[in-house]
Amino acid sequence: MEKAALALAAVERLKAAYPQTECTLDYDEAWKLLVSVRLAAQCTDARVNVVTQELFARYPSVKALAEADVRDIEAIVHPCGLGNSKARDISACMRVLLTRYDGHVPQDFDALLALPGVGRKSANLIMGDVFGKPAIVTDTHCIRLCNRIGLVDGVKEPAKVEKALWQLIPPEEGNDFCHRLVEHGRAVCTARTRPRCEACCLADICEKHL
């Protein structure tokens, strides 16, 4: 099956298997998602959600977090790993939001990329989940499954996988498709155990590069 047809089939089958999908990071404001996705690097979303409960209770606004001592931020976010660098990035990012954007998260992709600690994955997540714009979020599940299914061939660099998916996935489907890959990667096409191919909705079309 050609990649374009494979991609469209995967979109529809995953949509049927996971009709309701959303980001698994807890947030009710855009700036909180920015913080959470930075903490999620090399950390589970479940742990991030626990840590941010304390962080946002103590610093409930962009201004409060921007003015916080970096060492106090680090003490809270330490369980997420890489506490020093994450605390510095969060502090710097909140200061930019406060001084340059009046405490608001910009809706421009390049402006998001210019924020401290924000890469393409984070910027796409904000664009898709917060602003409802076309987005491709290439996290580890997305990269692994796209290679296994055959949407890309041995491509591990997030930016290259993202570029390939922009050519294959309808723009309005991209954000939800990536969220569904996360759900599928956790429940069926797992990384650390044998994939449950017998329960996979893509089994007959997947190239199974395991």
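The values are calculated or read from the model by the stated rules, or taken from the named source; none is laboratory data. Bear in mind that the values here come from a model prediction, so they are computed numbers and not experimental data. So basically every Cβ, Gly included, is an ideal-geometry build from the backbone, and we count neighbours across all protein chains shown.
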Per the filter on segment 123-155, residues under 14 Å from the mean Cα position of the chain (by Cα) and of a type in the set (Asp, Glu) are Asp129, Asp139
Residue pairs qualifying under the 8 Å Cβ cut-off, at least six apart or on distinct chains, with the first in segment 27-54 being in the same structural domain as His141 (by TED's automatic domain parsing) and within 12 Å of Ile90 (Cβ to Cβ) and the second being basic (Lys, Arg) and in a loop (DSSP other than H, G, I, E, B), are none
Going through segment 156-187 in order, the residues found to be over 15 Å from the mean Cα position of the chain (by Cα), surrounded by fewer than 17 Cβ atoms within 10 Å (Cβ to Cβ) and hydrophobic (A, V, I, L, M, F, W, C) are Trp166, Ala187
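Take segment 18-42 and flag every residue that is surrounded by 17 or more Cβ atoms within 10 Å (Cβ to Cβ), at pLDDT 95 or above and within 14 Å of the chain's Cα centre (by Cα). Spell out the reasoning first.
In the first step, residues of segment 18-42 are kept if they are surrounded by 17 or more Cβ atoms within 10 Å (Cβ to Cβ); the result is 18, 21, 23, 25, 27, 30-41.
Narrowing further to those that are at pLDDT 95 or above: 18, 25, 27, 30-40.
Within segment 18-42, Leu25, Tyr27, Ala30, Lys32, Leu33, Leu34, Val35, Ser36, Val37, Arg38, Leu39, Ala40 meet the criteria.
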Quick one: would you say Ala75 is of a type in the set (Gly, Ala, Ser), over 19 Å from Leu98 (Cβ atoms), in the same structural domain as Gly103 (by TED's automatic domain parsing) and without any contact (Cβ under 8 Å) to a residue 12 or more places away in the chain? yes
(message) Is it the case, given these coordinates, that Asp89 is within 23 Å of Asp139 (Cβ to Cβ) and touching a residue at least 24 places away in the same chain (Cβ under 8 Å)?
(response) yes
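Looking at segment 77-135, which of the residues that are β-branched (Val, Ile, Thr) and in a helix (DSSP H, G or I) is surrounded by the fewest Cβ atoms within 10 Å (Cβ to Cβ)?
Looking at the filtered set, the residue picked out is Thr99.
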Taking the criterion of being over 12 Å from Leu145 (Cα atoms) and either aliphatic (A, V, I, L, M) or assigned to a helix (DSSP H, G or I) (or both), would at least one residue in segment 188-195 satisfy it?
no
The condition from (1) touching a residue at least 24 places away in the same chain (Cβ under 8 Å); (2) assigned to a helix (DSSP H, G or I) that Glu198 misses is numbered (1)
Taking segment 44-59 and the residues there that are surrounded by 17 or more Cβ atoms within 10 Å (Cβ to Cβ) and among the hydroxyl-bearing types (Ser, Thr, Tyr), the one that is nearest to Cys80 (Cα to Cα) would be Thr52
